[in-house]
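Below: the structure, in C-alpha cells.
The values are calculated or read from the model by the stated rules, or taken from the named source; none is laboratory data. Because the structure is predicted, anything quoted here is derived from the model rather than measured. Because the Cβ atoms are built from the backbone with ideal geometry, glycine has one as well, and the counts that use them run over all protein chains shown. Only protein heavy atoms, including side chains, enter the accessible area calculation; ligands, DNA and RNA are left aside. Shrake-Rupley method; radii C 1.70, N 1.55, O 1.52, S 1.80 Å.
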Amino acid sequence: MGEITRIPAEPHAEFLFLGVPEIRIGGSPVPIGPAQEKRLLAAVLSEHPNPVGRSALIRAIWDPPEPEDAVENFHHIARRLRRRLENAGLRSVLPSESGGYRLGTAEATVDLQRFHALLARAARSPELGDAERAGLLEAALGLFRGEPLAGLDGQWIDGYRYLLQEERHAAEIAFNEAAIRLGDLGTAIPRLEARLRERPGDEWLAWLGMHAFYRAGRKDDAQNVYHRVRRHLDTTIATESHRALTELYELMLRGDDRLLEGSALVFPAGRSIRGAGARGSFGTGAGFGAREDPARDSDPGPEPEPEPDPTHKQSNPDPDPDPDPSPKPEPGIATGATFSQTNIGTNVHASQGGVQNFYFGGKEPS
C-alpha cells in the first residue's frame, strides 16, 4: 500500500501597496524586484481577483509609446515576477489565461482589494448606523501606510494613485461626518485640522470643520476656519466660490439653534464645492479602457525562453503569435473614477471590478 502524498499548505501572502509596496509571505518580507515588476504587480492587484488583459498590463508597465518588442519583454518580466513569488513559497501564482493575468494564489491579503471591500460595505448597507459605518470607514482608512504606490512612477501609476487618494479623501470626509453626528468631536476635530492643512481650499472639509468646532463650543475656531478658507479661495481662484460657507458663518454669528440638528451637516445641494474630489473624470490619459488591439489579447500565449535582459531590445520575431486573431474583449484595469457629491454623500463611480457606487451618509441623491 502506498502513502498519501501530503501537499504542504501555501503560506499566507500579504500584498501591501497602500504605502511603499511590500510583499510578506508567511510573515517574512519578500523583495518585489525592479520597477517594471512592481508596476506589473500593482496593475494585477488593482483588479484582484479578476484577470487583467495583456495590453492593459503593457500600458501600465511602459508609458507611451511602448517599445516595439513590448509583448516579448512583457513575458520576460511576468516570468521573473512569477519565479520570484514561487521561490518565496507561493504556488500557481500569476497564471496566464485566455482572458489575461491574475494573482492566482488563494491565500492572499491584498490591501487594495480590502480597502474597496470595506468602502463597499459602508456604502451598500443602508441598515448600518453611523457607529457601524464609521467603524468600517476607519478600518478602510487604517490600511494606508502613507502615499499609495509610494516610490513608483509612470502614467498609469500616477493616475491610479490619484484615484486611490481621492477615494481615501472621500472616505475621510464620510468618516468625519459620521463622527460629528455621533458627537465624537475629539476624534473628528484633529483629523479635520490635519486634512485642512493638506487641502487648505477644500470647502467640504471646511464645512465639517466649522460644524465640529461650533458643536464643541469653539466658535472662534469655527470662524477662523471660514476666514482662512475664504482668503485661500479668494487668492487662488480669484472668484467668490464660498457661498455655502458664508451662509453657515452667518448662522453661527447669530447662534442659530438649528446648527445643532443632525440635518445641519448636509451640505446644500447645488452650491459651490471645491477640493473634495473634482467633479468629472479622473482619467489617467493612458487610455487603458480602450481595446486598441483586441486580437493581440485573445490568448496570452507561451512565454519565451531563454530570459534576456528586458531592457535590451530584442531582434527576434514575436514568440507569442495569437492562435485566434478574432477580436475578443480584454479585461481592463482601473483607469480612474468619477466623483459627484450631492449633499453630504459621496458618490464614487470607480472602475474597480466594474462600476461601484459608494455613498456615505446623509440623504442619498436621487
Looking at PHE74, PHE115 in this structure, which one is farther than 19 Å from ALA150 by Cα and of a type in the set (Phe, Trp, Tyr)? PHE74
Please indicate, with yes or no, whether at least one residue in region 234-245 is of a type outside the set (Gly, Ala, Ser), touching a His at 6+ places or on another chain (Cβ under 8 Å), in a helix (DSSP H, G or I) and in contact (Cβ under 8 Å) with a residue 24 or more places away in the chain. no
Does region 155-176 include one or more residues that are of a type in the set (Ser, Thr, Tyr), open to solvent by less than 10 Å² (accessible area, probe 1.4 Å), part of a helix (DSSP H, G or I) and closer than 30 Å to LEU40 by Cβ? yes
Looking only at region 95-111, which residues are in contact (Cβ under 8 Å) with a residue 12 or more places away in the chain and assigned to a loop (DSSP other than H, G, I, E, B)? SER98, GLY99, ARG102, LEU103, GLY104, THR105, ALA106, GLU107
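Anything in region 28-59 that is part of a loop (DSSP other than H, G, I, E, B) and without any contact (Cβ under 8 Å) to a residue 12 or more places away in the chain? List them, or say none.
Passing the criteria: only PRO34.
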Out of (1) crowded, with 16+ Cβ neighbours inside 10 Å; (2) assigned to a helix (DSSP H, G or I); (3) not hydroxyl-bearing (Ser, Thr, Tyr), the odd one out for LEU152 is which? (2)
Select, from ARG114, ARG121, ARG181, the only residue that is open to solvent by 60 Å² or more (accessible area, probe 1.4 Å), over 30 Å from VAL44 (Cα atoms) and part of a helix (DSSP H, G or I). ARG181
Go through LEU90, LEU94, LEU85, LEU40 for me and flag whichever is crowded, with 20+ Cβ neighbours inside 10 Å and within 18 Å of the chain's Cα centre (by Cα). LEU40
Limited to region 189-228, what total is found for residues that are touching a residue at least 40 places away in the same chain (Cβ under 8 Å) and outside any helix (DSSP H, G or I)? 3
Quick check: is even one residue across region 127-141 touching a Pro at 6+ places or on another chain (Cβ under 8 Å), open to solvent by 20 Å² or more (accessible area, probe 1.4 Å) and part of a helix (DSSP H, G or I)? no
For the structure I just gave you, tell me whether ALA174 is over 30 Å from GLN36 (Cβ atoms) and without any contact (Cβ under 8 Å) to a residue 60 or more places away in the chain. no
Since GLU147 meets every condition but one in (1) more than 16 Å from GLN113 (Cα to Cα); (2) part of a helix (DSSP H, G or I); (3) within 16 Å of the chain's Cα centre (by Cα), which condition does it not meet? (2)
Identity of the residue in region 184-200, under 23 Å from GLY146 (Cβ atoms) and among the small types (Gly, Ala, Ser), that ends up most open to solvent (accessible area, probe 1.4 Å): ALA194
Failed condition for SER92, given (1) outside any strand (DSSP E or B); (2) at negative phi: (2)
For region 12-24, indicate whether the set of residues that are of a type in the set (A, V, I, L, M), open to solvent by less than 10 Å² (accessible area, probe 1.4 Å), in contact with a Leu (Cβ under 7 Å, 6 or more places away or on another chain) and modelled with pLDDT under 95 is non-empty. yes
